[in-house]
Amino acid sequence: MKTRLKNTKMFALLATLLFVLAGCGEKHLSVLRPAGEVADKQFFLLMLSIGIMLLVIVVVVIIFLIAMIKFRRKKLGEDFVPKDVEGNHKLELVWTIVPILLLIILAIPTVILTFSLGDTKAIDKVDEKGESKELVIDVTANLYWWEFSYPNEKIVTSQELVVPTDKKVYFRLHSADVKHSFWVPAAGGKMDTNVEGINKFYLEFNDKKAKDVKNLFYGKCAELCGPSHALMDFKVKALPQDDFDKWVKDMKSVDKPVAATSSQAKEGEKVFNKSCAGCHAVTPTGEGAKGPNLTNFGDRDLIAGYLEHDEENLKKWIKDPESIKPGNKMTDQYKVSDEDIDALSAYLMERKVDK
């Protein structure tokens, strides 16, 4: 009796925790808070399927309770024999037709939306200059960071994806090493990035929903790709069209590295050119570089994709990147002293584009 009571209390506690934890989460990282056209349509399919499943569960539970109450042995006696319904055509039609109807109700919108959301023909439409008429972003996944190239605008950045709101943004996805998966939970479903072949899809970010989360969403790699898979995050800045155009203009204005100002940063520039320039660019060009583009590194909010953006974390990352992101390709590729790291940190923190 005590054991049963203990188990009941444990079950009640777990059930309570489940309901409480179900309310946790962030607006910028939740499929249950859709923030765009694609996410809205996928959310509709999610709720439709859940509704159908709940309907089936409710009907089954009701039938079970009716049978359990109406045909109790205490009520009907020990000798009661239930009526044999084998070969009842009406019942057979019911439990055959009803599941088919439910599947049709779910299948029709699923097929329609699958073809609708997979329509990326607009990417191939070009103007007289040979440039796409739509905003297209080439995404390259690397171990363990993301590169974002804007072919029409002729700029490259990394780790922080910048997009306009209330506009379809088309993506061409590719991987530089192993299979990854590009996913912005609040904006839409995930899509694999493959070494061979390019996957295409589009997303749209709702301006009002973006303002609710201060124009910031989070993206993740959704494919197990190595020891630092869980740390392969990126940020999405969804800006009004005017602000996006300003960001593009500011990025395109950087035709040469932003000059270092402090004496320590100038020393860091020398260290960078000697030890880092072979893998990292500090101008918005250089698509396909070995390491992330650092043109606007000082404007970013995170270091290594998930650490708070300050010089202390930057120094830790430069000194021992393996302890921050195990398995990354930056480890053991350079040798710098502690003084060099201080100077290099000062230089990188001055890489700012926003005006």
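The values are calculated or read from the model by the stated rules, or taken from the named source; none is laboratory data. Computed from a predicted structure; not experimentally measured. Virtual Cβ from ideal backbone geometry, glycine too; neighbours counted across all protein chains shown. Surface areas here come from the heavy atoms of the whole protein model, side chains and all, with no ligands, DNA or RNA. Shrake-Rupley method; radii C 1.70, N 1.55, O 1.52, S 1.80 Å.
Quick notes
- Selected residue [modelled with pLDDT under 75, over 27 Å from the mean Cα position of the chain (by Cα) and open to solvent by 70 Å² or more (accessible area, probe 1.4 Å)] from Phe19, Phe11: Phe11
- From the list Lys211, Lys235, Lys220, Lys200, the one residue that fits, being in a helix (DSSP H, G or I) and surrounded by fewer than 22 Cβ atoms within 10 Å (Cβ to Cβ), is Lys211.
- The residue pairs whose first member lies in the stretch 292-318 and is in a helix (DSSP H, G or I), whose second member is among the hydroxyl-bearing types (Ser, Thr, Tyr), and whose beta carbons are closer than 8 Å, counting only pairs six or more residues apart or on different chains, are Glu311/Ser345; Leu314/Ser345; Lys315/Ser345; Lys316/Ser323; Ile318/Ser345.
- In the stretch 30-124, counting only helices (runs of 4 or more DSSP H) that sit wholly within it, the ones holding 3 or more residues that are of a type outside the set (Gly, Ala, Ser) and either in contact (Cβ under 8 Å) with a residue 24 or more places away in the chain or touching a Cys at 6+ places or on another chain (Cβ under 8 Å) (or both) span 37-70, 89-117.
- Check on Thr165, of a type outside the set (Gly, Ala, Ser), farther than 18 Å from Ala230 by Cα and over 21 Å from the mean Cα position of the chain (by Cα): no
- Residue in the stretch 156-170 that is modelled with pLDDT under 95 and of a type in the set (Val, Ile, Thr) present: yes
- Picking from residues in the stretch 204-227 that are closer than 18 Å to Glu160 by Cβ and small (Gly, Ala, Ser), the one that is nearest to the chain's Cα centre (by Cα) is Gly219.
- Leading residue by the ranking (surrounded by the most Cβ atoms within 10 Å (Cβ to Cβ)) among those in the stretch 175-194 that are in contact with an Asp or Glu (Cβ under 7 Å, 6 or more places away or on another chain) and either within 22 Å of Gly291 (Cβ to Cβ) or without any contact (Cβ under 8 Å) to a residue 24 or more places away in the chain (or both): His180
- Number of positions in the stretch 318-355 that are open to solvent by less than 40 Å² (accessible area, probe 1.4 Å) and under 24 Å from Leu231 (Cα atoms): 13
- Close pairs from the stretch 134-148: first within 17 Å of Glu204 (Cα to Cα), partner among the aromatic types (Phe, Trp, Tyr) and surrounded by fewer than 22 Cβ atoms within 10 Å (Cβ to Cβ), Cβ under 7 Å, at least 6 apart: Glu134/Tyr170; Leu135/Tyr170; Val136/Tyr170; Ile137/Tyr150
- Filter result for the condition that a residue is open to solvent by 30 Å² or more (accessible area, probe 1.4 Å), out of contact with any Cys (no Cβ under 6 Å at 6 or more places or on another chain) and not in a loop (DSSP other than H, G, I, E, B), over Asp242, Asp250: Asp242
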